[in-house]
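Any read-out appearing in this document is the output of simple, stated calculations on the displayed coordinates, not a laboratory observation. These numbers were taken from a predicted model, which means no experiment stands behind them. Quick reminder, even Gly has a Cβ in these numbers, built from the backbone with ideal geometry, and neighbours come from all protein chains shown.
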Amino acid sequence: MHRIENAIIMAAGIGQRMRPVTLETPKPLIPVNGVRMIDTVIQALHANGIQDITVVTGYLKEKFDVLKEQYPDVRLVENPYYDTCNNISSLYCAREYLGNTMILDGDQMIYDPKILAAEFERSGYNAVWTDEETDEWLMTVEDGIVTHCSRTGGDHGWQLFSISRWTKEDSTKLRRHLEKEFDEKQNRNIYWDDVAMFCYPEEYRLGVWPMEKEAMQEIDSLDELIETDASYRRYKEVVHG
């Protein structure tokens with residue numbers, strides 16, 4: 001078994017689909033039913049003994065300074081490429097912190113801290129088994145190893161969620177592959193997840209960390225935000241005049 005020693009939280013994005021709420025507030029700092037999304041992530045990490053936390057910022061980066069007041073041990077790393085590159089740029093900017101590391105997004109609600117458990121067997125993603133059709137990334141697993149991932153979804157598979165664990169050995173590979181894609185190939189419009197899953201799949205033997213769907217929530221749009229917290233309905237009225 002391996003143990004997570006630090007976490008990298010991705011929080012640099014613009015949050016285009018959640019405008020106008022994100023015009024003045026970065027998506028991870030949006031309160032949902034009174035609690036900022038990123039707080040549920042940081043506090044769940046703390047509940048699992050993970051104190052070394054790096055937050056990658058970009059859009060409205062100065063707004064994240066408030067985290068330093070509440071969580072003095074949180075480290076802020078700026079991604080200067082956030083508005084021209086995909087999120088491969090965020091992990092590239094934080095690559096020096098890759099070790100026995102958990103990587104996750106700051107714009108999600110963690111309802112059950114146990115899904116961020118520090119103990120893990122192999123590198124891989126939190127996932128939920130689904131028999132139903134989904135358009136999210138869907139993994140096929142054989143003997144505990146991911147053998148295929150569909151970008152366009154499907155059914156009867158493991159739906160990938162944006163929480164992953166990486167061993168120190170795999171992090172060394174990931175760092176090298178990030179530099180090759182981002183610097184050498186200038187391949188900057190891909191997700192960082194593409195690196196291990198699609199660019200160099202033969203060099204990793206990823207697994208899944210099973211969880212229940214209700215343990216967390218990814219809020220991707222204004223409609224989903226309103227569905228979760230009705231107080232944001234007023235923004236919909238602004239959008240539609």
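With viscosity set to 1.002 mPa s at 20 °C, what whole-number translational diffusion coefficient in µm²/s follows for the range 141-207 from Stokes-Einstein and a Kirkwood radius over Cα pairs?
Values: Rh = 13.1 Å.
In µm²/s, the coefficient is 164.
Can you list the GluC sites (Glu not before Pro) in the range 1-88 that are in a DSSP coil and have 16 or fewer other beta carbons within 10 angstrom?
5, 24
Taking the range 1-66 on its own, what percent of its Cα-Cα pair distances exceed 14 Å?
Values: 1294 of 2145 pairs.
When every Cα pair of the range 1-66 is considered, 60 percent fall beyond 14 Å.
Report relative contact order for the range 1-139 in percent, whole number only (criteria: Cα-Cα under 8 Å, sequence separation at least 6).
Relative contact order comes out at 38 percent.
Tell me the relative contact order for the chain as a rounded percent, counting alpha carbon contacts under 8 Å between residues six or more apart.
24
Hey, if you put +1 on the Cβ of every Lys and Arg and -1 on every Asp and Glu Cβ in the chain, which of 106, 118, 74 ends up farthest toward the positive end of that dipole?
The listed residue farthest towards the positive side: 74.
Karplus couplings for the range 220-226 from phi (6.51 cos²θ - 1.76 cosθ + 1.60, θ = phi - 60°), rounded to Hz, Gly and Pro as x?
Values, residue by residue: 9, 9, 4, 4, 5, 5, 5 Hz.
Could you go through the range 121-128 in sequence order and give the Karplus-derived ³J(HN,Hα) for each residue, using 6.51 cos²θ - 1.76 cosθ + 1.60 with θ = phi - 60°, rounded to whole Hz, and x for Gly and Pro?
8, 8, 4, x, 10, 4, 8, 10
Run the reach check for residue 185 against lysines, Cα to Cα strictly under 18 Å, same-chain hits fewer than 8 apart removed. What comes back?
Cross-link targets: 173.
Using a cut-off of 9 Å between beta-carbons, work out the net charge of the residues near residue 160 (Lys and Arg +1, Asp and Glu -1, residue 160 not included).
Net local charge, residue 160 excluded: -2.
Find how many whole Å separate the alpha carbon centroid of the range 108-186 from the alpha carbon centroid of the range 1-34.
A separation of 19 Å, based on Cα centres.
For a quick check: with amide H placed at 1.01 Å from N, whose amide H comes under 5 Å from residue 79's, ignoring anything fewer than 5 positions away on the same chain?
Amide H to amide H, under 5 Å and 5 or more residues apart or across chains, residue 79 pairs with 57, 58.
Can you pull the Kirkwood radius for the range 2-239, inverse mean 1/r over Cα pairs, to one decimal in Å?
Across the range 2-239, the inverse of the average 1/r is 18.2 Å.
Can you list the HN-Hα couplings for the range 21-38, worked out from phi with the Karplus curve (6.51, -1.76, 1.60; θ = phi - 60°), rounded to whole Hz and with x for Gly and Pro?
4, 8, 5, 10, 10, x, 3, x, 8, 6, x, 10, 6, x, 10, 5, 4, 5
Taking N as the number of residues in the range 112-164, what value does Rg over Cα atoms divided by 2.2 N^0.38 Å take? Don't jump to the answer; show the numbers that get you there.
Values: Rg = 11.4 Å, N = 53, 2.2 N^0.38 = 9.9 Å.
Cα Rg divided by the expected 2.2 N^0.38 Å: 1.14.
Once amide H atoms are placed 1.01 Å from N in the peptide plane, what residues at a sequence separation of 5 or more from residue 53, or on another chain, have their amide H within under 5 Å of its amide H?
7, 75
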